[in-house]
Every structure is written in C-alpha cells, then in structure tokens.
Amino acid sequence: MAAETKANIIAAATNEFVKLGFEGASINVIAAATDTSKRMLYYHFGSKEGLYRAVLEATYERMDSIEPGVDFEAIEPMEALRRYAMEAFDMHLDNEDFVRLVMAENLNDAAVIRNSAPIRNRITTNLARLEKIWELGCAAGVMRTDIRLIDLYLAITAISFSAISNRATLNVSLGIDLADPKEIAFRRNLVADVACAYASK
C-alpha cells in the first residue's frame, strides 16, 4: 500500500474510531471516505481490529515523533524537567485524538495495547528520555534519588491527560473551562511546577 494511501486511511479511521468508538465505527464509512473498498481494507489490515490497532500505533507514533524543542542535556536539569513537562502537556493538547483513543482503550482493558509491541516500545522510549533528565539531576545534586521514575512520569501524564479527558465533565460540574487559553496556560505551568516540586531535592 502506498504511504499516502495508508496515511489517508489511518486519518479517516482515526476520525471514525474517535467519534464512535470501536463498536460504533463503520468499515464501510471509512472505505467511502478514502475512495477504497471494504475488501481492500480487510486485505491490508486483516480485520476491523487490525485497522484499529494500526490507528492506535500510528497515534502513539505521532506523539513520539514530535521533536523536543530543546536539547535537554544542554541545560540545567531542573529547567530540563520543567520544559519536558511542558512539552508533554503540549503534545497532549495538540493530539486530542490520542487522549480519546487511550480513554477508549482503557475501557477495553488495554486489549490492543497489550498485544502491540510497537506501542509498548514507544512508551519505554519516552520514559528513557525522562530518566536521562532525572539521572542528570541526581548527579548534579538537585533531584531526589529516592523517588520512582514511573511516579514522576505519571504525575506529568495525569495533569496533561486530564486537561483533555475531563474537559466536558469539569465544565459542567465545576464551571471550569479547560479550553480557555488562561486555563491552558495555567495548567501548562502547573504540570511543570508539580514535576519539579516532586523531583526537587
């Protein structure tokens, strides 16, 4: 399959799965949106589940392929951690489809991710970037050595993720508009403050 054709199919399938979930998504609608056929989709992806896996893997790859704006090893460790946290927030904000697909995958007991080595490998790679910053911070004596890296990672991810995943419910229940530019700016700084406060020695 040509790269451009595959990218168009993945884009259309992503839109369909995000809007309607796995069960509600229609292969026929995806085929029509990409000027292809249901038969061809099954030929290249094997099944609806195979196409869904390809969508998830492409979404994780897109998150992982965003190049960091700074060389984290070239600046002071606490500042590197701060920028890492902010960039993680920005990546979630700019990729709402990723958040919604991960929400659906959690409801599905991580059935697809569980069987996808590319996704698991990308998560490991992302953790390795944070680990390098933490190691440099510990070596410089400015970060704690008695924390678990995964907890630092989850603190960053939780704030970044919830700013998208809980947007509608928090607007109704608390009257907070997380899409407001001021709220976005506040939460972008908050994720950095939390990460640095937790890691700081």
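The values are calculated or read from the model by the stated rules, or taken from the named source; none is laboratory data. Because the structure is predicted, anything quoted here is derived from the model rather than measured. Backbone-built Cβ (ideal geometry, glycine too); neighbour counts: all protein chains shown.
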In region 133-148, the residues that are outside any loop (DSSP other than H, G, I, E, B) and either on the phi > 0 side of the Ramachandran plot or surrounded by 15 or more Cβ atoms within 10 Å (Cβ to Cβ) (or both): Ile133, Trp134, Leu136, Gly137, Cys138, Met143
Subset of region 53-87 (residues that are modelled with pLDDT under 80 and in contact with a Leu (Cβ under 9 Å, 6 or more places away or on another chain)): Phe72, Glu73
Single residue of region 5-19 satisfying the filter (aliphatic (A, V, I, L, M) and in contact (Cβ under 8 Å) with a residue 12 or more places away in the chain) that is nearest to Leu107 (Cα to Cα): Val18
Condition met for Phe161 (free of Cβ contacts under 8 Å to residues at least 40 places away in the same chain, of a type in the set (Phe, Trp, Tyr) and either in a helix (DSSP H, G or I) or more than 17 Å from Ala197 (Cβ to Cβ) (or both)): no
Positions within region 20-43 being among the β-branched types (Val, Ile, Thr) and closer than 27 Å to Ala110 by Cβ, in sequence order: Ile27, Val29, Ile30
Hey, Asp90 within 30 Å of Ile184 (Cα to Cα) and surrounded by fewer than 15 Cβ atoms within 10 Å (Cβ to Cβ) or not: no
Qualifying position, being surrounded by 13 or more Cβ atoms within 10 Å (Cβ to Cβ), closer than 22 Å to Ser162 by Cα and among the hydroxyl-bearing types (Ser, Thr, Tyr), among Tyr60, Tyr42: Tyr60
The one condition in (1) closer than 18 Å to Asp90 by Cβ; (2) modelled with pLDDT under 95 that Phe186 fails to fulfil: (2)
Unique match (being among the charged types (D, E, K, R) and without any contact (Cβ under 8 Å) to a residue 60 or more places away in the chain) among Arg53, Arg62, Arg83: Arg62
